[in-house]
Amino acid sequence: MSSSSGVLRTVYPFAAIVDQDRLKRALLLNAINPRIGGVLIRGAKGTGKSTAVRALVDLLPSVEVVADCPFRCNPSDPTNMCEVCRSREKSEERLRVESRKMEMVDLPIGATEDRVVGTLNIERAIREGVRALEPGILAEANQNVLYVDEINLLPDHITDVILDAAASGWNTVEREGISVQHPSRLILVGTMNPEEGELRPQLLDRMALHTEISTIQDPSLRVEVMKHNIEFESDPIGFREKFKQPQEGLMEKMQRAKTILPKVNVSDQLFEVVARMCISLHADGHRPDIMIVKSAKALAAFNGRTEVEPQDLLDSAVLAVSHRTRNLGMDPPASESQIEDEFKKALSLVTGRPG
């Protein structure tokens, strides 16, 4: 359930989503480790992209925030505090703390850059620093989910700002030589319909993970989709009750994964497998390698393990490489079969194990 402005909204349960395992995996990995940097979901209209995102938010826990801070700073993490909260903490002032349920912050179509990053009063900024910043969407999104529908239709400069915040965890506002910043540790989810235009390759390459969601072609699964949707529409509360146990199991599994994640180990051999695979695929830059390992660690934690296994890496590689430029932008993104073939070759070469 989610509530806004006193209106109770019943959300379709994540555990009831039929098929679409790769989509669910990409969303869950970002929920376990928001520092992965987000996911791009491509798919035609009517394939349930926004339903899945809203369902994920319903699973997310409450987080602690500094109650009187407009940037939703984390009171127990100095690396996720604005300069005002840090100075208050250093002076041993007791910060007033509130627990707030994580929410989905929608980026409105047509939002201006000032609405996204915030507006800065230059004269006040010289005297007061970050206090002079009127918070924008990236402040609301700190410790929340930022949902950007039709991300391919956004102006490039706004997409750039959002991707910078998702990657660094900070929103930096610069005006006339004055620079202020605040934390923006967000889970970025962008959706797009490729029929309406593609995301520019340079921007596409900066999305951490990517998955395509397609219309289900299995008749029995389509029947299940129909039945679920009609049942949910007829009796949303009863439908949610039916999935209460698997929903609670997912929440517990995610919370356990967050605890396990710092302890997850990747062997040197598997690091080398990732490096060799990315070299063979002619992947541009080092981002693909890093995203594969970060995602694989989150996947291992989700499955209750402290050691990354080869399958974790392969499952993560499909999400982390399938949209990226190769050979300095000259080659199209690698197909799933290419990724799997090169992974198996690298695994066999490094470990002597068959792929």
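In nm, to one decimal, how far is the modelled label at R35 from the one at E224, with both set 7 Å along Cα→Cβ?
Modelled inter-label distance: 3.6 nm.
Kindly rank 53-59, 176-182, 291-297 from highest to lowest mean number of other beta carbons found within 10 Å of each residue. Provide the component values of the computation, followed by the final result.
Values: 53-59: 21.4, 176-182: 15.9, 291-297: 25.9.
The packing order, highest mean first, is 291-297, 53-59, 176-182.
Of all the Cα-Cα pairs you can form in the stretch 17-213, what percent are over 20 Å apart?
56 percent
Please compute the length gained on full extension between S179 and L153, using 0.36 nm multiplied by the number of residues separating them and subtracting their Cα-Cα distance.
6.5 nm
Estimate the FRET efficiency between N121 and S335 by the formula 1/(1 + (r/R0)^6), using the beta-carbon distance for r and 35 Å for R0, to the nearest 0.05.
Calculated value: 0.10.
Pick out which of E272, E198, E123 has the largest mean-square fluctuation in a Gaussian network model of the chain, springs linking Cα atoms closer than 10 Å.
Of the options given, E123 has the highest mean-square fluctuation.
Please give the FRET efficiency for K258 paired with R353, using the beta carbon to beta carbon distance and R0 = 35 Å, rounded to the nearest 0.05.
The formula returns an efficiency of 0.70 here.
Relative contact order for the chain: what is it in percent, counting Cα pairs under 8 Å that are at least 6 residues apart?
20 percent
What is the spin-label model distance, in nm, from S91 to E103 if the labels are put 7 Å beyond Cα along the C-beta direction?
Distance between label points: 2.9 nm.
Rg to Rh for the chain: what is it, with Cα atoms only and Rh by Kirkwood?
On the way: Rg = 21.2 Å, Rh = 21.7 Å.
Rounded to two decimals, Rg/Rh equals 0.98.
What share of Cα pairs, in percent, lie more than 23 angstrom apart in the stretch 262-350?
The proportion of pairs with Cα distances above 23 Å equals 17 percent.
Please give the Cα centre distance for the stretch 148-197 versus the stretch 319-355, rounded to the nearest Å.
28 Å
If you add up the charges near A346, with Lys and Arg at +1 and Asp and Glu at -1, over every other residue whose beta carbon is less than 9 angstrom from its beta carbon, what do you get?
Net charge in that neighbourhood comes out at +1.
Taking a quarter of the surface of the Cα convex hull of the stretch 253-294, what do you get in nm²?
Spelled out: convex hull of the Cα atoms, projected over all directions, averaged, 3.5 nm².
Return the Rg/Rh value of the stretch 177-223, two decimal places, where both radii are evaluated on C-alpha atoms and Rh is the Kirkwood radius.
Computed over Cα atoms, the ratio is 1.19.
Each reported figure results from applying straightforward, stated rules to the coordinates on display, with no laboratory input. Computed from a prediction, not measured in an experiment: that's the story for all the values here. For neighbour counting, all protein chains shown are included, and Cβ atoms are generated from backbone atoms with ideal geometry for every residue, glycine included.
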